[in-house]
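The values are calculated or read from the model by the stated rules, or taken from the named source; none is laboratory data. Note that the structure is predicted; figures quoted are calculated from it, not measured. Neighbour counts are summed over all protein chains in view; Cβ atoms, including those assigned to glycine, are modelled from backbone coordinates with ideal geometry.
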Amino acid sequence: MREYRGSAIRNIAVVGHGASGKTSLVDALAFVSGSSKRHGSISDGTTLTDTAPEEIERGYSIGLGCAHAEWMDSKINLLDTPGFLDFQGDAVGGLAAADGALCVVSATAGVEVGTERMFREAVARRDPVLFVVTMMDKEHADFDAIYHQIKTQLTAKVIPIEVPVGQGADFHGIVNLFDKRAHVYARGARSGAYEETDVPDDVRPQFDRYYAELIETIAATDDTLLERYLNGEEIGRDEAIGAMKEAMKRMELFPLFCVSSTLNYGTRAVLSTIVELMPSAYEMEELHAFTGAEGSQTVQIHADDDAPFAALVFKTQSEPHVGDVTLFRILSGAARNGDEVYNATRDATEKLNHLAVPLGRERLEVPCLHAGDIGCVAKLRNTHTNDTLSTRAHPVRLPAIAFPTPLVQMAIHPTNRVDEEKLQAGLHRLHEEDPSFEMEYNPETHETLVAGLGERHLEVALAKLKRKFGVAAEVTKPKIAYRETIRNRAEGQGRHKKQSGGRGQFGDCWVRIAPAERGDGIVFEDRIVGGAIPSKFIPAVEKGIHEAAERGVLAGFPLVDFQVELFDGSYHTVDSNEMSFKMAGIQAFKAVAPKCRPVLLEPLDELEIVTPEESLGDVLGDLSARRGQILGTDSPADLPGTRVRAVVPQAELHLYASALQSMTHGRAVFHRHFRGYEEMPPEAAQRVVAEVTKEQQGQQAH
């Protein structure tokens, strides 16, 4: 492979809904350009970028795939992103490494929730977007219908650049509006070769209509061209393309193309258009702001080979017999094989041995990569996703990629208990590969918890655990970290006396227990006067009360938010010791706390949901059924729909993400964060106490 500098590099994320044809399109673009020698297919499991066994088995992308195409003296880096929302983390990572996006829409399914989500993500990043209608050779394909869907559901600024010759089984060519020429393909051939002809008569009305719309739309983005257009002057191809490229940078135009990836119809035109319309890495002017390693300065970075080296790690993937492979985007400077670089994020030095460019499952070693390019290297010792690689002389840190927050949480257990350590190691590695997959240990419930973007996300994680790390595991509904507190004041005695021949044990204390403010925890007050209990034994009483409170009163949950007054007691000069008074503290708690009207506290989460207007009633009704308290509704400025804020018990939110997607056909988005603890309604509390009691009895019987 020849070397490419920033002005000849295009970094393109291929985004869209699952099964819309993204992977097939990337495969076709690489094949037609010659970078891939085989034209693969999803059904055969032979596509260039779907290489993991989980992807081949399921027939859809799970992780980010990388390929490239060399075309018109340029290198196009193609980042094939997953389409299903469960794997959106890698799609966000792909967009972060790119300078533009191909938004893929199926000619049969049309605009779907993943299309909307990823188009909004690209626009939010100010990335130019090309729409590509795929599967034009499939039954029921309808280019005009898809165009109007995009126009009404995504953006009114979309404009066709091509129109198809035939549709469905009759699709056999495209007409380029700029060139005013038709590319007619030999039926049955899959090489992408075509014969150039005049616009066919049966396509002429559609061509004339879209051509007038195209020129008018482009002219409206440039005052000079608009004046010429109004004066009846013709606008040339190069002028129109130049104006369209500038309008795309300003998010004023979104061109639309059509292809059949299976037949390779239209793929060459897509490659040419990417080179002509998409900005090069060098043209992305000071897109990224960085802070210095000490956090004391901000610097602007440009894709210039002569500038200090800086690169962002946007993906880490684990490969058998290789280990971790680090994928990075160079934002400035150049990298050469064997270079020593500095990881400013972790204050570590790394060596770029076997510098390569990714092409599906292959890595093609190269001597050098220039500013703007995407590369990979294996076996870095202390570098992870979102780290910045730079130089010691000019250390910088990039702002981290904002990966999506996990929405579904489950408890995970190894099928075989001896695999506990392997399970923990495997979960850490999975998080390295996919930051939107998280794990933590909950000390209150004594469970390891895993969290992802959906049930399918966690299902795939289990499959990877078994294949990559040899750990069979299962997930269950996580336990809720309930707590207990009290409502009344009471007092009583705790007395511990034990005589076993020789020196005995004696501790005696009187305590008052009363409610405290929410969040105060346990407040202990020493009110002993006259030395009724020696001061050296008082901390032992407090320790005993804390220990007993951890086991609670009602159902074994920690009892919190109460105050304890130690006001009297007695001791024995020989038999009293710290252990005796700790036991006395435990006995005092057990005697007094049940008299203080203990109640259950449940954890609450605050939800912010943005839902389409037509689903608002269903969402509100569902929240009420989950014992939710609606805080308010409004209309967000940055998203279509209605925003709902509500407080809901965690116990009612298990798999809520799946239920919400079902109610809103995948078009709602939501975030949740911990709100606090509140007293549980008596009926619900009784059910929890009964469940815990039954579980404990079952364990004792077992």
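Side notes on the structure shown:
- Qualifying residue in region 624-647 (condition: in contact (Cβ under 8 Å) with a residue 24 or more places away in the chain, surrounded by 18 or more Cβ atoms within 10 Å (Cβ to Cβ), aliphatic (A, V, I, L, M) and assigned to a strand (DSSP E or B)): yes
- Single residue of Asp561, Asp526 found to be acidic (Asp, Glu) and on the phi > 0 side of the Ramachandran plot: Asp561
- Residue in region 102-121 that is assigned to a loop (DSSP other than H, G, I, E, B), more than 17 Å from the chain's Cα centre (by Cα), at positive phi and of a type outside the set (Ser, Thr, Tyr) present: no
- Condition met for Ser61 (within 23 Å of Gly266 (Cβ to Cβ), part of a loop (DSSP other than H, G, I, E, B) and in contact (Cβ under 8 Å) with a residue 40 or more places away in the chain): yes
- Pairing residues of region 461-474 that are more than 11 Å from Ala425 (Cα to Cα) and not assigned by TED's automatic domain parsing to the domain that holds Gly63 with residues that are surrounded by fewer than 17 Cβ atoms within 10 Å (Cβ to Cβ) and of a type in the set (Ser, Thr, Tyr), at Cβ distances under 6 Å and at least 6 apart in sequence or on separate chains, gives Ala472/Thr415.
- Restricting region 603-629 to residues that are closer than 28 Å to Phe557 by Cβ and among the hydrophobic types (A, V, I, L, M, F, W, C) leaves a set whose member that is farthest from the chain's Cα centre (by Cα) is Ala625.
- Only one entry of Ala107, Ala98 meets the criterion of being within 15 Å of Asn77 (Cα to Cα), buried (at least 24 other Cβ atoms within 10 Å of the Cβ), among the hydrophobic types (A, V, I, L, M, F, W, C) and in contact (Cβ under 8 Å) with a residue 60 or more places away in the chain, and that entry is Ala98.
- Qualifying position, being within 22 Å of Ala124 (Cβ to Cβ) and among the hydroxyl-bearing types (Ser, Thr, Tyr), among Ser658, Ser662, Ser624, Ser635: Ser635
- Check on Arg397, closer than 17 Å to Phe309 by Cα, of a type in the set (Lys, Arg), buried (at least 19 other Cβ atoms within 10 Å of the Cβ) and in contact with a strand residue (DSSP E or B) (Cβ under 9 Å, 6 or more places away or on another chain): yes
- Filter pass, Arg190 being under 40 Å from the mean Cα position of the chain (by Cα) and either closer than 26 Å to Ala28 by Cα or in a helix (DSSP H, G or I) (or both): yes
- Pick from region 317-371, criterion closer than 18 Å to Thr388 by Cβ and hydroxyl-bearing (Ser, Thr, Tyr), ranking: surrounded by the most Cβ atoms within 10 Å (Cβ to Cβ): Ser332
- Count of region 234-249 residues which are in contact (Cβ under 8 Å) with a residue 12 or more places away in the chain and either assigned by TED's automatic domain parsing to the domain that holds Ala145 or part of a helix (DSSP H, G or I) (or both): 11
- Exactly one residue out of Ile533, Ile538 is in a loop (DSSP other than H, G, I, E, B), at pLDDT 95 or above, over 50 Å from the mean Cα position of the chain (by Cα) and farther than 24 Å from Thr445 by Cα, and it is Ile533.
- Residue in region 216-233 that is assigned to a loop (DSSP other than H, G, I, E, B), of a type in the set (Ser, Thr, Tyr), at negative phi and in contact (Cβ under 8 Å) with a residue 12 or more places away in the chain present: yes
- Given (1) assigned to a helix (DSSP H, G or I); (2) surrounded by 14 or more Cβ atoms within 10 Å (Cβ to Cβ), number of the condition Glu602 does not satisfy: (1)
- Residue tally, condition touching a strand residue (DSSP E or B) at 6+ places or on another chain (Cβ under 9 Å), in a helix (DSSP H, G or I) and hydroxyl-bearing (Ser, Thr, Tyr), over region 128-160: 1
- Conditions (1) assigned to a loop (DSSP other than H, G, I, E, B); (2) touching a residue at least 40 places away in the same chain (Cβ under 8 Å); (3) buried (at least 21 other Cβ atoms within 10 Å of the Cβ); (4) not basic (Lys, Arg); number of the one not met by Asp50: (2)
- Test: residue in region 174-188 that is closer than 22 Å to Gly110 by Cα and either surrounded by fewer than 20 Cβ atoms within 10 Å (Cβ to Cβ) or of a type in the set (Val, Ile, Thr) (or both): yes
- Considering (1) part of a strand (DSSP E or B); (2) over 16 Å from Arg487 (Cβ atoms), the lone condition that Ile513 does not fulfil carries the number (2).
- Single condition Ala169 does not satisfy, out of (1) in a helix (DSSP H, G or I); (2) surrounded by fewer than 18 Cβ atoms within 10 Å (Cβ to Cβ); (3) touching a strand residue (DSSP E or B) at 6+ places or on another chain (Cβ under 9 Å): (3)
- Among the criteria (1) surrounded by fewer than 21 Cβ atoms within 10 Å (Cβ to Cβ); (2) at positive phi, the one Gly192 does not fulfil is (1).
- Candidates Ala591, Ala548 - the one that is out of contact with any His (no Cβ under 8 Å at 6 or more places or on another chain), touching a residue at least 60 places away in the same chain (Cβ under 8 Å) and aliphatic (A, V, I, L, M): Ala591
- Considering residues of region 529-558 that are small (Gly, Ala, Ser) and on the phi < 0 side of the Ramachandran plot only, the residue surrounded by the fewest Cβ atoms within 10 Å (Cβ to Cβ): Ser535
- Counting the residues of region 509-539 that are touching a helix residue (DSSP H, G or I) at 6+ places or on another chain (Cβ under 7 Å), of a type outside the set (D, E, K, R) and closer than 24 Å to Pro598 by Cα gives 5.
- Given (1) at pLDDT below 95; (2) within 17 Å of Val275 (Cα to Cα), number of the condition Ala8 does not satisfy: (1)
- Check on Leu655, of a type outside the set (D, E, K, R), on the phi > 0 side of the Ramachandran plot, outside the structural domain of Leu154 (by TED's automatic domain parsing) and under 33 Å from the mean Cα position of the chain (by Cα): yes
- Checking each residue in region 346-396 for being touching a helix residue (DSSP H, G or I) at 6+ places or on another chain (Cβ under 9 Å) and closer than 22 Å to Ser280 by Cα picks out Leu359, His370, Ala371, Gly372, Asp373, Ile374.
- Unique match (being modelled with pLDDT under 90 and among the charged types (D, E, K, R)) among Arg187, Arg204, Arg209: Arg187
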